[in-house]
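These notes are about the structure you will find just below.
The values are calculated or read from the model by the stated rules, or taken from the named source; none is laboratory data. Computed from a prediction, not measured in an experiment: that's the story for all the values here. Note that we place each Cβ from the backbone using ideal geometry, even for glycine, and neighbour counts take in every protein chain shown. For the accessible areas, the whole protein counts, side chains as well, though only heavy atoms, and no ligand, DNA or RNA atoms are used. Shrake-Rupley method; radii C 1.70, N 1.55, O 1.52, S 1.80 Å.
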Amino acid sequence: SVYWQAIAYDTYENGGWKIAEDVGTSLHFPDDGPIQVPQTLARESVNQVVQNYIPNTSFIYAAPELVNSDKQMFLESTQDALDNELLTSARSRYVLRQGETYDVTSRLSTADSESLRLAGNAYPEWVSERYLQLPETITDETKTLAAELAAPFDNACDKTIAIRDYLRNNITYNDQIPAPPEDVEPVHHILFNTQEGYCNYYASAMAVMLRSQGVPARLVSGYAQGSYDEESFSYRVRASNAHTWVEVYFPGYGWVQFEP
């Protein structure tokens, strides 16, 4: 399934995710053509028409990876060594009213697991510098569990699947849990104390565990796919579909979504 992406977070600090302070903002006009993103393998161009039902929002929602829109957009991004845009989020220059529509184009990953297994670990500098970051507060128990799950495998794809499946099978979904105590690291709390949580906790645990094993990962928020309406050939996405998931970076293939 495809998710509708809003923000990609790169930094885990004080038990939560944020965007690094060096992310800048630029204005992109439709006549500028597609956003210059890093060229990656196994991508399919997908056009979408989005009708907005949120009063007075600015976020541009799109399937990953957004490359164009018919709206003027503020791009929040950094650049790689080739001046490609490394996009964190896109917002409409002008407020989107309720009922307003916009067109977006995405480069959707079609990479299969066998290709990702062979992608290797020759990560670009901008990936390894930013997406392996971890604070000192991550507990030894968290790192040890991640190491045990990853140990049987020699590639990032299988390590990712092992950690993803562990979380699916050992953490109970519960969106009514209280916040973790202030003196407890949240990922540790979910893994070893409560063994329950909702999407933010699953995704945080997965990204932190992957980073501890040298696999670049980030947190992404937006909406799950929603329900398909056959009459209108469209997806109806409700507030209850708000979601957070994980993207893992594979050399040559770029960011690929995973659902813990």
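Show the residue pairs meeting these rules: Cβ distance below 8 Å; 6+ apart or different chains; first residue within the stretch 97-118 and of a type in the set (Phe, Trp, Tyr); second residue open to solvent by 50 Å² or more (accessible area, probe 1.4 Å).
102/49; 102/70
Residues of the stretch 149-175 being in a helix (DSSP H, G or I) and over 14 Å from residue 210 (Cα atoms), which ones? It would help to see each step written out before you state the result.
Keep residues of the stretch 149-175 that are in a helix (DSSP H, G or I), which gives 149-150, 156-170.
Once the filter is applied, which keeps residues that are in a helix (DSSP H, G or I) and over 14 Å from residue 210 (Cα atoms), the stretch 149-175 yields 168, 169, 170.
Exactly one of these conditions fails for residue 72: (1) farther than 30 Å from residue 154 by Cβ; (2) open to solvent by less than 50 Å² (accessible area, probe 1.4 Å). Give me its number.
Only one criterion is unmet by residue 72, namely (2).
How many residues are open to solvent by 20 Å² or more (accessible area, probe 1.4 Å) and over 21 Å from residue 147 (Cβ atoms) if we restrict to the stretch 202-232?
Result for the stretch 202-232: 11.
Can you report the number of residues in the stretch 162-186 which are β-branched (Val, Ile, Thr) and in contact with a Phe, Trp or Tyr (Cβ under 8 Å, 6 or more places away or on another chain)?
Here is the first cut: in the stretch 162-186, the ones β-branched (Val, Ile, Thr) are 163, 171-172, 177, 184.
Then drop every residue that is not in contact with a Phe, Trp or Tyr (Cβ under 8 Å, 6 or more places away or on another chain), which leaves 171, 177.
Counting residues in the stretch 162-186 that are β-branched (Val, Ile, Thr) and in contact with a Phe, Trp or Tyr (Cβ under 8 Å, 6 or more places away or on another chain) gives 2.
Taking the residues in the stretch 187-201 that are part of a helix (DSSP H, G or I) and in contact with a strand residue (DSSP E or B) (Cβ under 8 Å, 6 or more places away or on another chain) as candidates, determine which candidate is least open to solvent (accessible area, probe 1.4 Å). Walk me through it before giving the result.
The initial filter retains those residues of the stretch 187-201 that are part of a helix (DSSP H, G or I), namely 187-194, 199-201.
Add one more test, that the residue is in contact with a strand residue (DSSP E or B) (Cβ under 8 Å, 6 or more places away or on another chain), and what stays is 190, 199-200.
Values: 190: 5, 199: 21, 200: 68 Å².
Ranking the candidates gives 190 first.
Report every pair of residues separated by at least 6 positions or lying on different chains whose Cβ atoms are under 6 Å apart, first residue within the stretch 209-237 and farther than 14 Å from residue 6 by Cβ and assigned to a loop (DSSP other than H, G, I, E, B), second among the charged types (D, E, K, R) and open to solvent by less than 30 Å² (accessible area, probe 1.4 Å).
Listed by first residue and then by second, the contacts come to nothing, as the list is empty.
Could you check the stretch 1-53 and list, in sequence order, the residues that are buried (at least 18 other Cβ atoms within 10 Å of the Cβ), small (Gly, Ala, Ser) and in contact with a Leu (Cβ under 8 Å, 6 or more places away or on another chain)?
Of everything in the stretch 1-53, just one residue is buried (at least 18 other Cβ atoms within 10 Å of the Cβ), small (Gly, Ala, Ser) and in contact with a Leu (Cβ under 8 Å, 6 or more places away or on another chain), namely 8.
Do we have residue 91 as surrounded by 13 or more Cβ atoms within 10 Å (Cβ to Cβ), touching a residue at least 60 places away in the same chain (Cβ under 8 Å), within 28 Å of residue 18 (Cβ to Cβ) and not β-branched (Val, Ile, Thr) here?
On the way: surrounded by 13 or more Cβ atoms within 10 Å (Cβ to Cβ): yes; touching a residue at least 60 places away in the same chain (Cβ under 8 Å): no; within 28 Å of residue 18 (Cβ to Cβ): yes; not β-branched (Val, Ile, Thr): yes.
Criteria not met by residue 91.
So how many residues does the stretch 176-186 have that are assigned to a loop (DSSP other than H, G, I, E, B) and either touching a helix residue (DSSP H, G or I) at 6+ places or on another chain (Cβ under 6 Å) or touching a residue at least 40 places away in the same chain (Cβ under 8 Å) (or both)? Show your work before the answer.
Here is the first cut: in the stretch 176-186, the residues assigned to a loop (DSSP other than H, G, I, E, B) are 176-185.
Add one more test, that the residue is either touching a helix residue (DSSP H, G or I) at 6+ places or on another chain (Cβ under 6 Å) or touching a residue at least 40 places away in the same chain (Cβ under 8 Å) (or both), and what stays is 180, 185.
Qualifying residue count for the region: 2.
Hey, can you tell me all the residues within the stretch 109-118 that are under 20 Å from the mean Cα position of the chain (by Cα) and exposed (fewer than 14 other Cβ atoms within 10 Å of the Cβ)?
110, 112, 113
Take the residues in the stretch 119-168 that are touching a residue at least 60 places away in the same chain (Cβ under 8 Å) and open to solvent by 60 Å² or more (accessible area, probe 1.4 Å), then tell me which one is nearest to residue 260 (Cα to Cα).
168
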